[in-house]
Structure formats: C-alpha cells, structure tokens
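To start, the structure under review is shown below, and the notes come after it.
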Amino acid sequence: MPRLQPSLKARIALITTVLAAVLGTGIVLGSLYYAHRDLEDALQNQQDSIVKLSADQLDTAMDDRTVMLAHMAPQIGAVLENARGRAREDVRADLLDVIGKTIPVPAAFNSVVVTDANGSVLTSSGPPIEVGDRDYFREAVRTLNPVVAAPIHARVDGTIGVLVAMPVVSASRQFLGLVGGWLDLSRSNFLVEIAHSRLGNTGFYCLVSAGARPVYVQHPDTRQARQPARALGDTCGETDQPATLEFLMPERPVIARHLMSTTGWELIAVLPAREAYAPLRQMQRRFLMMAGLVLGGVALLIWLAVRRLLMPLSRLHQVVQASADDADAFERLPRRPQRDEIGDVTRAFIRLMRDVRQRGQQLARSERRLRAVTDNLPSLLAFIDNDERYVFNNVAYEQAFGMRVEEIRGKTVREVLGEARYALARPYLQQALAGAVITFESEYRTPQPHWMEMSYRPEWSEDGKQVVGVHIHVQDITQRKLEHQRLARISQTDHLTQLENRSAFESQLHAAMARSRDENRLMALLFLDMDRFKAVNDAHGHATGDMLLQSFALRLRRCVRDQDHVARLGGDEFAVILEDIASPATAQRVAESILDAIGQRFYFDGVMADVDVSIGVALYRGSPMTDETLKRMADTLLYRAKALGRGRYEIGPAELMALEA
C-alpha cells in the first residue's frame, strides 16, 4: 500500500501554520508552567497547615491521655508496693477500682492494663499473661519514661492496637510496674478517626510509627495496617514522582508531613493530583480547544493562498508524472512559462525531456543490436543494478524460467530465481556488488541433476569509485562435469576388481585418520595378502589369476560395511579401512569373517583354486601418528601373521586392544 504523502501546498501551509503557532504555544506553555508552579506552592502551603493542625490535635489528645496515666501512676504504685503477700484477685480488684475512679473507659482508652515489675499482667483474669519481652516494656524499664508502642497484637484478647505505657516507680525511683492505656484500632478513638478524615473529596491521612521498624499505625486501606513503612518521607503507598510534562498532565499528588511531638510518629496528608489540579486542567482544555479552532482557520487561509501561487507547479508536477509513460508529455506545458523560479524549472525540464527522448531513441537502437547478438547465445546473459533488479536479459532467460523477457525486466533476482536458488547465489552477489569478480559452480537436483557455472562481473561508474551494477553470465556445464566425474572415478578405481586403487586408498586413509583425531574415534587399517596366489597364477595362467582376484575382491567387499573402504594396492595385496568402530573386537570379527570367506574354495571355468589370506590389523585412535607409520604397523602385523603360519590375522598395538565398546 503506497504511503500517503501530503502535497507541497499542504506542507507549505502546514509549516507556515506551525511556525506561527510555535511562538504563541511557547508563550502559553510558559504561562501554564508558572501557573502550575504557583498553584503547586499554594496547595503545598495549604496542605502543610492542615497536616500541622491535625498533628497538633493528635499530640493534644495523646498528651491528655499521658497526663491521665501519670496522675494515676502514684495510686497504682501504692497498690503495687502493698501487693506482696496478698492474693492476686485482691490486688486485681484494688487496681480495677483505682482505674475505674481515674480513667474514663472507653472515652480516653478502650482499656487499661497494669503489670508488675516482671511484666505479668495483673488486671486480667484467667491464666497469667506475660509482657516482659515486649519492646515497650523494656524501654519503659530502661528509661522510666512514658512509651508509646507501635501497633501490636494484644496478648489479652488478640486485638490490634497502640499502647501508651507509663512506668510506675517508687519514691526512690525503683521500677514497680507499668500502667498502659490501650487504643484499639478496630474501635472508635482519636487514632482511628484520623484515617477516616478526608482532605477535599479524595484526599486522605496516614500515620507512620517511629523506631527501627516503622509501620503504618493508620492507613485508609485496612490491608496496610502494621505493614512496613518509612519512618520519614513515606508517601502512604502513593507514587511521588512527577510526570514528564507535569505542568500539563500533573500526576504527582500534593503530600504534606508533620512529626508528632509526643510520639515521634509522622502524620502524612495526601491530596491526589486529579483533584488538586482540576481547575488547571479545565483551563488547559479550554485553551487547546480554542487554539485548535484558530489554527485550523489560519491553515485553511494559508492553503488557499499557496494553492493559487503554486498552480503552475502543480501543472508541471502532473506532466512530470505522465512523462514516466509518455516521453512526449512535456509538449503539453505552456510554450512561454512565466518569469519566475517555477518558469525557470519548467523551461529546464522541457530541454531535459527533449534530450532524454533523443538519447532514448539512440539507446533503443543500441539495445536492438545487442539483443540480436545475445539472443543467439546458449548462455544466460543479464545485467542487474545495485537493487538486484534486472535491467537487461537475453532470451535464454525465457526458456530457463518460463517468463517473457519483458516480464523479467524490473524484477529482482530473488523473484526470478526463487528463495532456494537465491539463498545460494546471494553471498556471491553481495561480493560482486562490493566490487569483486566472482565465478562459482552450483549443482541443482530439479528437474534433473545438472550443474551451472555462474560469473558475476561488477560494472563501475565512470569515475571508478562505485559499483553501478553486475553483469551475469550463466552457462550449463553438466556434460563437462559428468565427464570430469567419469574420469575421476576411473582414476580412483582399480580396473580389474573395481575396488579403490592405491591413489584413492591414500586419500581415504588420510581423511579417516584426520576424522579419528578430530572426533577421538577408533578405526582400523587392514593389510591383506593372498597366500598361494602365485601358484594358481603360474599353474593356470594370468586369465585365471585375474578371475581369482575378481572373486577375491567380491568376497572381501561382502565382509565389510557399505561405508568401509576396500582397495587393491597392487598384485594380490589389498587394504580395508574400518572407520568409527566400537571396539577392537569389531575389527577382529571383520578379520575372522574375511578368513572364513576366503577359506572357501574358488571355482570358475572348471578350475578349483584353494588359497588363504594373511591379515595385519592396525588399530588407531587419534594419536599423533602419520599415515606412513600406521601403514608400516599394518604391514608388520601382516608379515607376522605370515610368519606364524599364514591363513590368520595379527592385531595391534597392545595398548589399544584393552579398549571396550
């Protein structure tokens, strides 16, 4: 699908409008920035005042309750000093009487507890409850000062709350126990009410405790209760990062904080940006709507003016487009263009097109002569540009790819060759387009096996600095290749037995040893020598000897795998290369199979021949050994087998015989 491109008139109108709008927009954006900053400062000051007032109210409420506990502490101390030797229930009754007369429950606290100096709760009934391990108890014992504990689970009833602990001391400043006012966070009290207070419509408070492990004392989300928080600078879980264009699309909430003087806790007030900056956003929307209308009107007026000025250019544009298919389209332009820049371009275009028409006619004549020559050649000839598109190709392409010459023109090499063939040719094409002369051969299996030789020769620009295209010459070399392969097979084959000859054997042995070294795999080289062959040859003639050698080769070939190499080295000497065998036992089995096969008598043309074979088996597994050394080892083992009685095999070396599959 073609990409839409605005016309020149539209672009000029758009650019003019944009330039006119940029200055005004910059001024307005600057005004919005400073308006946002002033509003932010005003909102921050307002929030700071509100949160300070709320924190002072909390401090006042906490001070009142601390004073109540302090007034009651001496009375509790008198009961604790006289508690020794008395029954627990009597002491509890006296303590509850003092608490009932002094502390309004639940107006001031939801409940009041008293412990002795060891941390045993004296005001609870039932089994004893110990709080001596609590942090607030230890702190009160250490400092003998009031302590406000962070939210904890009460061991009396399991509720979550805050304990205001007042140490009870004797006249000699001896710690007697502790009296604590319990503020249940699931019931109504001044700490609970702060979480339900609202700032505006969507703002809220949260309260964070102090100490080494601060937590949320209160949070509008009940799931956050007692969750870890930051002692200073907490945001109640809100993101405190400004947006990229904060002054246009504010996202950062207005957050104010104040430390309570009584507890060291931090009260935090959060007002979301959506509510805080709602007036500013409304003003921005109005401005953008008005600015859009004004800019649209300005753009329309500019477009109409530009359209009138550029009418001659539009006419020239239409003629230039038509010239791609009609070389005479320029004749439709006015003969006397106006005297301005557009008129100068029009006159230049007319002169250019006349010259192009003349050169095109000359080029067409040259191409007809070139095609008359190239279309009579059996080779494929073509020229491609730097985009790998065919600029020229002879008629041989039509026969090879089933497309007319005109269809191929303009197509890419990928489109003509197909993905598979293009993948093979692409690296060579890239080298040619980089300036290298490339010649290579490719083998194809469809529609029938054949070989092609490709030559890519780059064409350089007139200044010789860059490649402007590539000449392609492709010729079928199938017959030449088949003849070469036939000669190669003849040169590598023993003419009598049709086994590999000595030359092929040398190449295969070298390659097999290299693979053994690379893959650390076991292989074996077998040297074979036919026993009593000379007697058969002398007694019955060379023709019989040749038939014996052919039969011997046939039996030998049947004893090994298809991938093993069997060669006749000369006379009655043969060799076998066994690659990638599991163990020395495999080579032994092959040698025994050969002995059994050759041990059967040979019959042909009424002649019976009884021969044996001696075998030397040399094992090899990746050691730094040369081909000649391995052959000498196999030869030595062969002659040892002959010396020990013929018709047998010898295998070595000993260090490889211990290998197992």
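The values are calculated or read from the model by the stated rules, or taken from the named source; none is laboratory data. Because the structure is predicted, anything quoted here is derived from the model rather than measured. Please note: Cβ atoms are built from the backbone with ideal geometry, for glycine as well, and neighbour counts cover all protein chains shown.
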So how many residues does segment 569-597 have that are closer than 24 Å to residue 632 by Cβ, in contact with a helix residue (DSSP H, G or I) (Cβ under 7 Å, 6 or more places away or on another chain) and among the small types (Gly, Ala, Ser)? 2
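Please verify whether segment 107-115 includes one or more residues that are touching a His at 6+ places or on another chain (Cβ under 9 Å) and hydroxyl-bearing (Ser, Thr, Tyr).
Start the filter on segment 107-115 by keeping residues that are touching a His at 6+ places or on another chain (Cβ under 9 Å), which leaves none.
Checked segment 107-115: no residue is touching a His at 6+ places or on another chain (Cβ under 9 Å) and hydroxyl-bearing (Ser, Thr, Tyr).
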If you go through 500, 462, the only one that is assigned by TED's automatic domain parsing to the domain that holds residue 642 and not basic (Lys, Arg) is 500
Please go through segment 609-643 and pick out each residue that is outside any strand (DSSP E or B), among the aliphatic types (A, V, I, L, M) and touching a Phe, Trp or Tyr at 6+ places or on another chain (Cβ under 9 Å). 611, 630, 633, 634, 637, 638, 641
Within segment 510-529, restricting to residues that are surrounded by fewer than 21 Cβ atoms within 10 Å (Cβ to Cβ) and of a type in the set (A, V, I, L, M, F, W, C), the one that is farthest from residue 658 (Cα to Cα) is 511
Selection from segment 530-539 of residues that are more than 12 Å from residue 613 (Cα to Cα) and surrounded by 18 or more Cβ atoms within 10 Å (Cβ to Cβ): 536, 537
Search segment 274-300 for residues that are farther than 17 Å from residue 21 by Cβ and touching a residue at least 40 places away in the same chain (Cβ under 8 Å) and pair each with any residue that is among the hydrophobic types (A, V, I, L, M, F, W, C) and part of a helix (DSSP H, G or I) when their beta-carbon atoms are under 7 Å apart and the residues are at least 6 apart or on different chains. 276/43; 277/39; 280/35; 280/39
Condition check for residue 269: surrounded by 15 or more Cβ atoms within 10 Å (Cβ to Cβ), in contact (Cβ under 8 Å) with a residue 12 or more places away in the chain and in contact with an Asp or Glu (Cβ under 8 Å, 6 or more places away or on another chain): no
The condition of being closer than 18 Å to residue 204 by Cα, surrounded by 15 or more Cβ atoms within 10 Å (Cβ to Cβ) and out of contact with any Phe, Trp or Tyr (no Cβ under 7 Å at 6 or more places or on another chain) holds, among 246, 238, only for 238
Any idea which of 566, 470 is among the β-branched types (Val, Ile, Thr), at pLDDT 90 or above and touching a helix residue (DSSP H, G or I) at 6+ places or on another chain (Cβ under 7 Å)? 566
Inspect segment 164-181 for any residue being closer than 25 Å to residue 213 by Cβ, modelled with pLDDT under 85 and either out of contact with any Lys or Arg (no Cβ under 9 Å at 6 or more places or on another chain) or not assigned by TED's automatic domain parsing to the domain that holds residue 64 (or both) and give the result as yes or no. no
Could you list, in sequence order, all residues of segment 288-297 that are at pLDDT 75 or above and surrounded by 12 or more Cβ atoms within 10 Å (Cβ to Cβ)? 294
Looking only at segment 548-561, count every residue that is touching a residue at least 60 places away in the same chain (Cβ under 8 Å) and surrounded by fewer than 19 Cβ atoms within 10 Å (Cβ to Cβ) and tell me the total. 0
Test set (1) surrounded by 12 or more Cβ atoms within 10 Å (Cβ to Cβ); (2) under 28 Å from residue 20 (Cβ atoms) - residue 308 fails condition number: (1)
Any idea which of 363, 304 is among the hydrophobic types (A, V, I, L, M, F, W, C) and modelled with pLDDT under 70? 363
Could you figure out which of (1) surrounded by fewer than 19 Cβ atoms within 10 Å (Cβ to Cβ); (2) in contact with an Asp or Glu (Cβ under 9 Å, 6 or more places away or on another chain) isn't true of residue 654? (2)
Do the conditions hold for residue 217, that is, is it within 48 Å of the chain's Cα centre (by Cα), under 26 Å from residue 145 (Cα atoms) and at pLDDT below 85? yes
Restricting attention to segment 186-209, does a residue exist that is surrounded by 20 or more Cβ atoms within 10 Å (Cβ to Cβ), under 57 Å from the mean Cα position of the chain (by Cα), modelled with pLDDT under 90 and in a loop (DSSP other than H, G, I, E, B)? yes
Right, residue 611: touching a helix residue (DSSP H, G or I) at 6+ places or on another chain (Cβ under 8 Å) and at pLDDT 95 or above or not? no
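Okay, residues lined up against (1) small (Gly, Ala, Ser); (2) crowded, with 18+ Cβ neighbours inside 10 Å; (3) not assigned by TED's automatic domain parsing to the domain that holds residue 530:
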position	(1), (2), (3)
565	no, yes, no
583	yes, no, no
608	no, no, no
612	no, no, no
617	no, yes, no
639	no, no, no
649	no, yes, no
Is it fair to say residue 173 is in contact (Cβ under 8 Å) with a residue 12 or more places away in the chain, basic (Lys, Arg) and over 24 Å from residue 108 (Cβ atoms)? yes
If the Cβ limit is 7 Å and pairs must be 6+ apart or interchain, which residue in segment 133-159 that is in contact (Cβ under 8 Å) with a residue 40 or more places away in the chain pairs with which residue that is assigned to a loop (DSSP other than H, G, I, E, B) and surrounded by fewer than 15 Cβ atoms within 10 Å (Cβ to Cβ)? 150/211
Looking for whichever is assigned to a loop (DSSP other than H, G, I, E, B) and surrounded by 17 or more Cβ atoms within 10 Å (Cβ to Cβ) here; the options are 335, 252, 339. Which one fits? 252
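How many residues does segment 75-121 hold that are assigned to a loop (DSSP other than H, G, I, E, B) and surrounded by 19 or more Cβ atoms within 10 Å (Cβ to Cβ)?
The number of residues fulfilling the criteria is 5.
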Just give me the residues in segment 581-630 being over 52 Å from the mean Cα position of the chain (by Cα) and among the aromatic types (Phe, Trp, Tyr), in sequence order. 602, 603, 604
